[in-house]
Structure formats: structure tokens, C-alpha cells
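Student: Below is a structure I'd like to ask you about.
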Amino acid sequence: MFWLMKSEPAECSIDDLAAAPQATVPWVGVRNYQARNFMRDAMRVGDGVLFYHSSCAEPGVAGLARVASTAYPDPTQFDPASPYFDAKATRETPRWLLVDVALVQKTPLLPLRTMRERPELATMGLLQRGSRLSITPVSRPEWDAVLRLLGVPG
DNA sequence: GCCAACGTTGGC
DNA sequence: GCCAACGTTGGC
């Protein structure tokens, strides 16, 4: 399958991902059940990921990545010092899961503005009215269309 | 900073 | 189970 995953570049940009050990980061901080369930139930190692920059000057797809692990507990939920701390989570019954995400390649930015202009992308979850989900599935045709716009060979 | 849209919480 | 209040997201 294919996915779009939002990251605030102030938190973890595509360059931060590239600079991480083995160009891989644990996708910490997801605190939405639907997004968690995608990671827990539907993601498979090797799935393609559109790495999206959100809440920034130039929102858009900034690179390609892949799912690099199965789901496991997000350690930040147990850390009282973390902004992602969840007092109701315990190590015995963790509430939040994550997957590791590995860089495939940085790309030229495909701006959100451009994506909205493209009819072939109109079905993307990201572009639906009121959509806020930080992880959304991407269909094969949507994936192919994005790669074409990025100038990346499929 | 604004605000629309959505998710969560908690009283009842 | 309902639903109002509140908090968050995220583009603009």
C-alpha cells in the first residue's frame, strides 16, 4: 500500500530524516486513533510513503520514504517530560503505536497549492475538505500521479 | 492571528 | 447514548 504522512518540518523535516541514523526515524507523536489504526492494522514494511511538510511556510510533499518496521509502542507516551505524554497509557497497556519510517529520496517540493490544481489528485485524502488526518492512505493511481509530478520514475 | 472543521471529554 | 463545550489541526 501507499501512504501520505504529515510532519511539521520544525519537528522533523525531510532533511532531518536524511540526517538521522540510517535515514530512519520513529514516527512519534501520533495521537489520533484512526491514524494509529492505519499504522497498527494496515501498514506493511516496504509500503511507500509521501513525506509531507505541514504547518509551515511551504506545505507540500517533500520526499519519498518507506515504512521500515511493524507497529510498536510509541515510547513518548510513557515520558512525563514529553509533549506526547499520555497519563492513561501504561507499558502493560500502551495506547499509542508507531512505525519506523526510512528515507527513500528527497524530492523537489510539490506544493499543496499545486496538488489542489491537479484533477488526478482530487481524490487524495489530504485534499478532502476539512481533512486533518496526519496519516492517509494513497491509492495506486494517486501515487503514480504524484511521482509523475515529482519527476520521479515509478 | 483567524477560523473552519473535526475529535475528545464528560455531565446528564 | 446524547450533545455542548472545549481543544487541536493546519492552511491562509
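Student: With the crude spin-label approximation of a point 7 Å out along Cα→Cβ, what separation in nm comes out for A:L133 versus A:N37?
Tutor: In this crude spin-label approximation the distance works out to 0.9 nm.
Student: Roughly speaking, what is the centre-to-centre gap between segment A:55-73 and segment A:100-154 when only Cα atoms are used, to the nearest Å?
Tutor: 11 Å
Student: So how far apart, in nm, are the two label points at A:Y84 and A:A122 if each is 7 Å from Cα heading toward Cβ?
Tutor: 3.6 nm
Student: Against the empirical 2.2 N^0.38 Å scaling, what ratio does the C-alpha Rg of segment A:2-130 come to?
Tutor: In units of the globular-protein estimate, segment A:2-130 measures up at 1.08.
Student: Relative to the longest principal axis of the C-alpha atoms of chain A, give the angle of the C-alpha long axis of helix A:140-150, reported between 0 and 90° and rounded to the nearest 10°.
Tutor: 70 degrees
Student: Restricting to DSSP H runs of at least four residues, report the calculated mean residue ellipticity at 222 nm for chain A, -39500 (n - 2.57) per run over all residues, nearest 500 deg cm²/dmol.
Tutor: After summing the helix terms and dividing by the residues of chain A, the value is -5000 deg cm²/dmol.
Student: Suppose R0 equals 25 Å. What FRET efficiency, 1/(1 + (r/R0)^6) with r the Cβ-Cβ distance, do A:L109 and A:A23 give to the nearest 0.05?
Tutor: 0.85
Student: Another one. Return the FRET efficiency for the residue pair A:E92, A:T70: r is the Cβ-Cβ distance, R0 is 22 Å, and the value is rounded to the nearest 0.05.
Tutor: Here the calculated transfer efficiency is 0.65.
Rule-based calculations on the coordinates, nothing more; no lab input. Computed from a predicted structure; not experimentally measured. When we count neighbours, we look across all protein chains shown, and the Cβ atoms used for this are built from the backbone with ideal geometry, even at glycine.
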